[in-house]
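The values are calculated or read from the model by the stated rules, or taken from the named source; none is laboratory data. Since we're looking at a predicted model, the values are computed, not measured. Note that each Cβ is placed from the backbone with ideal geometry, even for glycine, and that neighbours are counted across all protein chains shown.
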Amino acid sequence: MERRDSSLIEEYFHIALFSMEIGMHPKIPTYSGGLGVLAGDILRSCADLNVPLVAVTLASNKGYLSQYLNEEGNQTEGSMCWRIQDFATLMTPKVSVPIAGRAVKVQAWKYLITGLEGHQVPVYLLDTDLFENSDSDREITSYLYGGDLSYRLSQEIVLGIGGVRMLAALGHTDIRKYHLNEGHSALAVVELAKEIKKNSPNLSAGQIEELVRHKCVFTTHTPIPAGHDIFSVDLVKSLLKGYCDEAEIDTICYKDELNMTLLALEHSGHINGVAKRHEEISRNMFPGYPIDSITNGVHHVFWTSKPFRRLYDKHTSGWRKDSFNLRYVMSIPLEEIVQAHREAKRMLIDLVNTKHHIGMDYDTCTVGFARRMARYKRPHLLFSNPDRLVSITKNSGPIQVIIAGKAHPKDTLGKELIKSIFAAMKRLETDIKIVFLENYDMELAQFITSGVDVWLNTPKIPCEASGTSGMKACLNGVPSLSVLDGWWVEGCVEGVTGWAIETKVANVCELEMDDSEEAESLYRKLEQVVLPMFYTDREKWAQIMRYAIAFNGSFFNSHRMVLQYLLNAYFAE
């Protein structure tokens, strides 16, 4: 029987973060990848830093997808049903949202994220699985990123319009900033405008727009055009009839389309990308908007493995509260850093061998690549010339490779990439041990990012807005070998915090361009720098591990990121 909370909110929360997905807990499948995990890290840091923030997301009762891979790498998917009542408390208030002329009922479940000193950040999971709703409406909050465009827009109506209404119903009456984490929640600006007009009927349309802008913060997360939700005006009219009249729909649509990113851009007083390079790309994509940047970060305690937590507790008092204290890792003896990583690596290798009986060992240089299987991330780049790769391992030292990641059910190219990796695994099986781990999630990410020796990242420039997996790795002394895109433009000090893969600079995502030069750059760096150092200069390697923690771990974390949001967005006038 679910817990029910009938009390209204006594505390004053001044900031509300809206996100289609949030990685709150490894066992709660309300996230698909970097966007959701980042949102979860923001909330963990807000809890630690006593920030008066509340979050809104969807219940996603059937999760994102369970991944099943056969021997050829063919991916099939299943649902990830979970018992929301085991984690969250059902709240008493219900609200209605307008979808295709129907009043769809929405309830909310409250999940609490507790910080170091006991401060709690409530997360409200919006849920349409109510007996008052039709069978189809009960499914609206079932699948994260599932269904067709009508299903997606229905979800975004629940998130944006329903989220604003639910916060009010729960007693959150003093929200001063609404942080729209990507464009999925952009319809919140329409509901806010209606709310202001209702309470202040004498205000002009221009005055209402300015008040909405003052309330809203928008973070855009992707430089890929396909990553921005766009709905036809006919679909918008169909689903928002009775809520928006013709004039209002004309106001929010542009060229017979509702572009959720443009809607958020137009109605937000603070706009930012998620890395300095991404700011530049976003300004080119959306000229005329004052786009700033706040570089992403990860929660430094959550993503630090147990061996390194013990090490930091021993040598750097206060690092859990103040992430900048990781700078003092420079005083930790190298042999202790190496030993902590050896323990983390052993845990990963044992996990892999238990699951796959592949016979990976503790001493071979282990390369990790784990992220969403998407064309622009180029997970196949390492295997683009198998003979060259084998030659490198024979001349410079062996490698073993651990890969993980899901392709979206409708991403045919992503699924083909997985199959190509499996084909490479079979071709190389006598020379290189390679494993592809199913069902990449937060828990598996903790093992991989802390246990490999080198973190590989090969996106097509400039398609990576930020990337965060390399940030998780550096907290555990794992240097990156990466294309200079996203956060790595800021984090790479060549030969100090890791290594860059040389690529051609581009300002537009061109996925069909030839990858051969970049593959050769990757091979050269492995052959001439990375593997020789790993096998013949262990002291230098240990120094790079320490630099990665002290220089990158101390900065590319969500505590620093949240403080920047507080200064530049939430409390800026």
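Quick one: would you say N507 is more than 26 Å from P398 (Cβ to Cβ), under 25 Å from the mean Cα position of the chain (by Cα), at pLDDT 95 or above and of a type outside the set (A, V, I, L, M)?
Numbers: more than 26 Å from P398 (Cβ to Cβ): yes; under 25 Å from the mean Cα position of the chain (by Cα): yes; at pLDDT 95 or above: no; of a type outside the set (A, V, I, L, M): yes.
No: the conditions fail for N507.
One line per residue, one yes/no per condition, for (1) free of Cβ contacts under 8 Å to residues at least 60 places away in the same chain; (2) in contact with an Asp or Glu (Cβ under 7 Å, 6 or more places away or on another chain):
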| residue | (1), (2) |
| --- | --- |
| S134 | yes, no |
| S154 | no, no |
| L159 | no, no |
| G183 | no, yes |
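Using the structure shown, decide if K426 is more than 20 Å from D361 (Cβ to Cβ), in a helix (DSSP H, G or I) and not hydrophobic (A, V, I, L, M, F, W, C).
Numbers: more than 20 Å from D361 (Cβ to Cβ): yes; in a helix (DSSP H, G or I): yes; not hydrophobic (A, V, I, L, M, F, W, C): yes.
For K426, the condition - more than 20 Å from D361 (Cβ to Cβ), in a helix (DSSP H, G or I) and not hydrophobic (A, V, I, L, M, F, W, C) - is met.
Taking every residue in the stretch 257-286 that is under 25 Å from K237 (Cβ atoms) and pairing it with any residue that is basic (K, R) and not in a strand (DSSP E or B), at least 6 positions away or on another chain, the pairs with Cβ-Cβ distances below 6 Å are H267/R213.
When the stretch 303-315 is limited to residues that are outside any helix (DSSP H, G or I) and out of contact with any Lys or Arg (no Cβ under 6 Å at 6 or more places or on another chain), the one that is surrounded by the fewest Cβ atoms within 10 Å (Cβ to Cβ) turns out to be S305. Mind checking whether some residue in the stretch 254-269 is modelled with pLDDT of 95 or more, buried (at least 23 other Cβ atoms within 10 Å of the Cβ) and of a type in the set (V, I, T)? Yes.
Screening A374 against (1) aliphatic (A, V, I, L, M); (2) within 24 Å of P462 (Cβ to Cβ); (3) modelled with pLDDT of 95 or more leaves a single unmet condition, (3). Scanning the stretch 193-229 for residues that are without any contact (Cβ under 8 Å) to a residue 24 or more places away in the chain, crowded, with 17+ Cβ neighbours inside 10 Å and within 30 Å of A374 (Cβ to Cβ) yields a single hit, G227.
Does I99 satisfy the condition of being more than 19 Å from the chain's Cα centre (by Cα), modelled with pLDDT of 95 or more and buried (at least 24 other Cβ atoms within 10 Å of the Cβ)?
Values: more than 19 Å from the chain's Cα centre (by Cα): yes; modelled with pLDDT of 95 or more: yes; buried (at least 24 other Cβ atoms within 10 Å of the Cβ): yes.
Judged against the criteria, I99 is a match.
Only one of these conditions is not met by G486: (1) surrounded by fewer than 24 Cβ atoms within 10 Å (Cβ to Cβ); (2) under 26 Å from H341 (Cβ atoms); (3) touching an Asp or Glu at 6+ places or on another chain (Cβ under 7 Å). Which number is it? Among (1) surrounded by fewer than 24 Cβ atoms within 10 Å (Cβ to Cβ); (2) under 26 Å from H341 (Cβ atoms); (3) touching an Asp or Glu at 6+ places or on another chain (Cβ under 7 Å), G486 violates only (1).
Taking E21, is it out of contact with any strand residue (DSSP E or B) (no Cβ under 9 Å at 6 or more places or on another chain) and either in a loop (DSSP other than H, G, I, E, B) or over 19 Å from C216 (Cα atoms) (or both)? Give the steps one after another, and end with the answer.
Working: out of contact with any strand residue (DSSP E or B) (no Cβ under 9 Å at 6 or more places or on another chain): no; either in a loop (DSSP other than H, G, I, E, B) or over 19 Å from C216 (Cα atoms) (or both): yes.
In short, no.
Total residues in the stretch 378-394 satisfying the condition of being in contact with a strand residue (DSSP E or B) (Cβ under 8 Å, 6 or more places away or on another chain) and either closer than 18 Å to T503 by Cβ or at pLDDT below 95 (or both): the figure is 2. When H278 is tested against (1) assigned by TED's automatic domain parsing to the domain that holds M442; (2) part of a helix (DSSP H, G or I); (3) modelled with pLDDT of 95 or more; (4) within 20 Å of the chain's Cα centre (by Cα), exactly one condition is not met: (1).
V236 falls short on exactly one of the conditions (1) farther than 29 Å from P287 by Cβ; (2) assigned to a helix (DSSP H, G or I), and that condition is (1).
Give the residues of the stretch 1-24 that are of a type outside the set (D, E) and modelled with pLDDT of 95 or more, sorted by residue number. Quick ask: steps written out before the conclusion?
The first filter runs over the stretch 1-24 and keeps only residues of a type outside the set (D, E), leaving 1, 3-4, 6-9, 12-20, 22-24.
The answer is I15, A16, L17, F18, S19, M20, I22, G23, M24.
A count restricted to the stretch 73-89 and to residues that are part of a loop (DSSP other than H, G, I, E, B) and in contact with a helix residue (DSSP H, G or I) (Cβ under 6 Å, 6 or more places away or on another chain) stands at 1. Y523 meets the conditions (1) buried (at least 17 other Cβ atoms within 10 Å of the Cβ); (2) more than 23 Å from Q400 (Cα to Cα) in every case but one. The failed one is (2). If we scan the stretch 333-344, do we find a residue that is touching a Cys at 6+ places or on another chain (Cβ under 7 Å) and either hydrophobic (A, V, I, L, M, F, W, C) or modelled with pLDDT under 95 (or both)? Checked against the condition, which is being touching a Cys at 6+ places or on another chain (Cβ under 7 Å) and either hydrophobic (A, V, I, L, M, F, W, C) or modelled with pLDDT under 95 (or both), the stretch 333-344 yields no hits at all. Hey, any hits in the stretch 175-185 for a residue that's basic (K, R), touching a strand residue (DSSP E or B) at 6+ places or on another chain (Cβ under 6 Å), in the same structural domain as W82 (by TED's automatic domain parsing) and modelled with pLDDT of 95 or more? There is at least one residue in the stretch 175-185 that is basic (K, R), touching a strand residue (DSSP E or B) at 6+ places or on another chain (Cβ under 6 Å), in the same structural domain as W82 (by TED's automatic domain parsing) and modelled with pLDDT of 95 or more.
Filter the stretch 354-370 down to residues that are crowded, with 18+ Cβ neighbours inside 10 Å and among the β-branched types (V, I, T) and give me whichever is farthest from M425 (Cα to Cα). Spell out the reasoning first.
Here is the first cut: in the stretch 354-370, the ones crowded, with 18+ Cβ neighbours inside 10 Å are 360, 364-370.
Subset that is among the β-branched types (V, I, T): 364, 366-367.
Details: T364: 17, T366: 15, V367: 14 Å.
Per the criteria, the residue is T364.
Within the stretch 382-414, track down each residue that is assigned to a loop (DSSP other than H, G, I, E, B) and over 23 Å from D441 (Cβ atoms). Passing the criteria: S384, N385, G397, P398.
Would you confirm whether any residue within the stretch 134-142 is surrounded by 21 or more Cβ atoms within 10 Å (Cβ to Cβ), among the charged types (D, E, K, R) and not assigned by TED's automatic domain parsing to the domain that holds A424? Break it down stepwise before answering.
First pass over the stretch 134-142, keeping only residues surrounded by 21 or more Cβ atoms within 10 Å (Cβ to Cβ): 137, 140-142.
Now restrict to residues that are among the charged types (D, E, K, R): 137.
Checking the rest, the ones that are also not assigned by TED's automatic domain parsing to the domain that holds A424 come to 137.
So far as the stretch 134-142 goes, yes, one or more of its residues are surrounded by 21 or more Cβ atoms within 10 Å (Cβ to Cβ), among the charged types (D, E, K, R) and not assigned by TED's automatic domain parsing to the domain that holds A424.
In the set (1) assigned to a helix (DSSP H, G or I); (2) under 18 Å from T366 (Cβ atoms), the condition left unmet by V489 is number (2). Annotation: L417 fulfils all but one of (1) without any contact (Cβ under 8 Å) to a residue 40 or more places away in the chain; (2) of a type outside the set (K, R); (3) outside any strand (DSSP E or B); the unmet one is (1).
Please enumerate the residues belonging to the stretch 363-378 that are assigned to a loop (DSSP other than H, G, I, E, B) and either touching a helix residue (DSSP H, G or I) at 6+ places or on another chain (Cβ under 6 Å) or free of Cβ contacts under 8 Å to residues at least 12 places away in the same chain (or both). Within the stretch 363-378, D363, R371, M373, A374 meet the criteria.
It is to be established whether one or more residues within the stretch 335-353 are exposed (fewer than 15 other Cβ atoms within 10 Å of the Cβ) and in a loop (DSSP other than H, G, I, E, B). Checking the stretch 335-353: not a single residue is exposed (fewer than 15 other Cβ atoms within 10 Å of the Cβ) and in a loop (DSSP other than H, G, I, E, B).
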